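This report concerns only the one structure given below.
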Amino acid sequence: MGRGGRPFPGDSSVRRSDASRRAAASGGGLVSVEPLTLADGRIGLEVVTKWRQGLGFGFRGVLVVERPDRVYRLELSIAESFTGAREAVVQSQMLTVGEIRFDDEHLGPRDPKTGGRKIKGMTADPYDAAFDDEAVYGTSDDARLDELIPASPLSVIRETLNRVTSSWESSGSVAASHTGAPASDGPRRMLSDEVLKQIYWASGRNDLLERHLLAELAAAGDHGESGPGVGRLLLMLGLAQHNSDQLMKARDTFERAVQVFSAPGDRPRETGLALSLLGRTLMRRRRALEAKSTVKRAIALLEEYDDVDMALGNALAILGTILLDEGRVEEATPTLQRADALMERRPATPGPATLQDLTGGPPPAVYSRISTVPSRD
């Protein structure tokens, strides 16, 4: 901050570099420095910093609003009694999707005091690589986790500042040149969309997953994307809708995915995956005849591949269940036995099936570049 709590002079890069130096000098580091538009149209500056304190971190949030005759400054600080909630959620799912591994490529040198090894690249200055060595900002500080972990100190500080920003009123007119805070491209390093979606999925937050996927699909449309990457996003969206009992929406979404994968440049493996998931939703809606014909199509396509055990097993299990209901026990028994055998072949992993498991593997690069950074205006 400037002397007396006044905003930094100059553009955003100058403000952020100055804030990074000040935070580092006091033994901490930046989380964010962002200009914000207040409810009455004024521009404020929000600065969030963190520093090591005991077994956790301390966090400080500052909002500064300048008028010609005075400066308003709101500051709040919260310290963790222990750390690790956000970090544990992030690192476990980064491991799940394969973004980090516990090997020499991903681990730094051994600490002579503790014997431990830090994972490389887990901390960085949010704006300037020149401050990376002493940075404390990590991907677990991503603001998109705040709704998932609302009680964490960082979430509380940002939510409090956001409420102040959205309700700010003061006397006096706002300069005509105040047309809103400049858009921010966010911090340099954020959670990948793949990890964020897996975090939402593993946490059972289908609402957050659905909202994120709808934003990704909108961005994909804006970029003219319509291929397999979009199809896979639709599979994930259908899963979120199915698991939140939006079965009509899930059916429509899976049918869209089938159309995408069946378009020119046909992808029978992915079409089979979509049909298997569609059959599951139809079965849940008690549409047995539709489910039967759908999973039969899925089975015919998936039997050609040896890396779709879960989807093929799911389709066979649905078919076997329908055959049992029809009293066709002799046909149902081997079908269900085959489904069980396929499910047993799946590698044992803790917790529920991942989005990668259910949608057929790692994401195509075509859409993994699409990023959705939440607006704070």
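Just so you know, in the range 241-251 the residues that are in a helix (DSSP H, G or I) and not aliphatic (A, V, I, L, M) include one that is surrounded by the fewest Cβ atoms within 10 Å (Cβ to Cβ), and it is N243. Note on the range 9-39: residues that are modelled with pLDDT under 90 and either among the hydroxyl-bearing types (S, T, Y) or over 21 Å from I157 (Cα atoms) (or both) total 13. Screening A298, A240 for residues that are small (G, A, S) and touching an Asp or Glu at 6+ places or on another chain (Cβ under 6 Å) leaves exactly one candidate, A240. Number of residues in the range 12-23 that are in contact (Cβ under 8 Å) with a residue 40 or more places away in the chain and surrounded by 19 or more Cβ atoms within 10 Å (Cβ to Cβ): the value is 3. Within the range 57-79, if we keep just the residues that are crowded, with 17+ Cβ neighbours inside 10 Å, touching a helix residue (DSSP H, G or I) at 6+ places or on another chain (Cβ under 8 Å) and among the hydrophobic types (A, V, I, L, M, F, W, C), the residue that is farthest from V47 (Cα to Cα) turns out to be F57.
Return yes when E34 is closer than 29 Å to Y200 by Cα, outside any helix (DSSP H, G or I), touching a Leu at 6+ places or on another chain (Cβ under 8 Å) and in contact (Cβ under 8 Å) with a residue 40 or more places away in the chain and no when it is not.
For E34, the condition - closer than 29 Å to Y200 by Cα, outside any helix (DSSP H, G or I), touching a Leu at 6+ places or on another chain (Cβ under 8 Å) and in contact (Cβ under 8 Å) with a residue 40 or more places away in the chain - is met.
Of all residues in the range 259-279, those satisfying the criterion of being surrounded by fewer than 23 Cβ atoms within 10 Å (Cβ to Cβ) and either β-branched (V, I, T) or in contact with a helix residue (DSSP H, G or I) (Cβ under 6 Å, 6 or more places away or on another chain) (or both) are V260, S262, R267, P268, T271. Can you confirm whether V136 is within 27 Å of the chain's Cα centre (by Cα) and β-branched (V, I, T)? Spelling it out, V136 is indeed within 27 Å of the chain's Cα centre (by Cα) and β-branched (V, I, T).
Contact map, the range 285-297: first residue of a type in the set (D, E), second residue at pLDDT 95 or above and assigned to a helix (DSSP H, G or I), Cβ cut-off under 6 Å, separation 6 or more or different chains; pairs are E290/L282.
Of all residues in the range 351-368, those being at pLDDT below 60 and surrounded by fewer than 12 Cβ atoms within 10 Å (Cβ to Cβ) number 1. Taking the conditions (1) among the acidic types (D, E); (2) closer than 14 Å to S192 by Cβ; (3) in contact with a strand residue (DSSP E or B) (Cβ under 8 Å, 6 or more places away or on another chain) in turn, E99 satisfies each one other than (3). Exactly one residue out of A348, A291, A300 is surrounded by fewer than 19 Cβ atoms within 10 Å (Cβ to Cβ) and modelled with pLDDT of 95 or more: that is A300.
Every residue, every condition in (1) within 26 Å of the chain's Cα centre (by Cα); (2) of a type outside the set (S, T, Y); (3) more than 17 Å from R188 (Cα to Cα), yes or no:
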residue: G27; (1), (2), (3): no, yes, yes
residue: G44; (1), (2), (3): no, yes, yes
residue: V48; (1), (2), (3): yes, yes, no
residue: G61; (1), (2), (3): yes, yes, yes
residue: V64; (1), (2), (3): no, yes, yes
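Test M283 against the stated conditions and say whether it is closer than 20 Å to L233 by Cβ, assigned to a helix (DSSP H, G or I), of a type in the set (A, V, I, L, M, F, W, C) and touching a helix residue (DSSP H, G or I) at 6+ places or on another chain (Cβ under 9 Å). In short, no. Check whether at least one residue in the range 252-268 is assigned to a helix (DSSP H, G or I), touching a Phe, Trp or Tyr at 6+ places or on another chain (Cβ under 7 Å) and either over 22 Å from D306 (Cα atoms) or touching a residue at least 12 places away in the same chain (Cβ under 8 Å) (or both), and report yes or no. The answer is no; no qualifying residue exists.
Looking across the range 132-147 at every residue that is in a helix (DSSP H, G or I) and in contact (Cβ under 8 Å) with a residue 24 or more places away in the chain, the one that is surrounded by the most Cβ atoms within 10 Å (Cβ to Cβ) is identified as D141.
Picking from residues in the range 226-264 that are more than 20 Å from the chain's Cα centre (by Cα) and charged (D, E, K, R), the one that is farthest from T294 (Cα to Cα) is D245.
The values are calculated or read from the model by the stated rules, or taken from the named source; none is laboratory data. Treat the numbers as computed from the prediction; the structure is a model and nothing was measured. Note: ideal-geometry Cβ built from the backbone for every residue, glycine included; neighbour counts use all protein chains shown.
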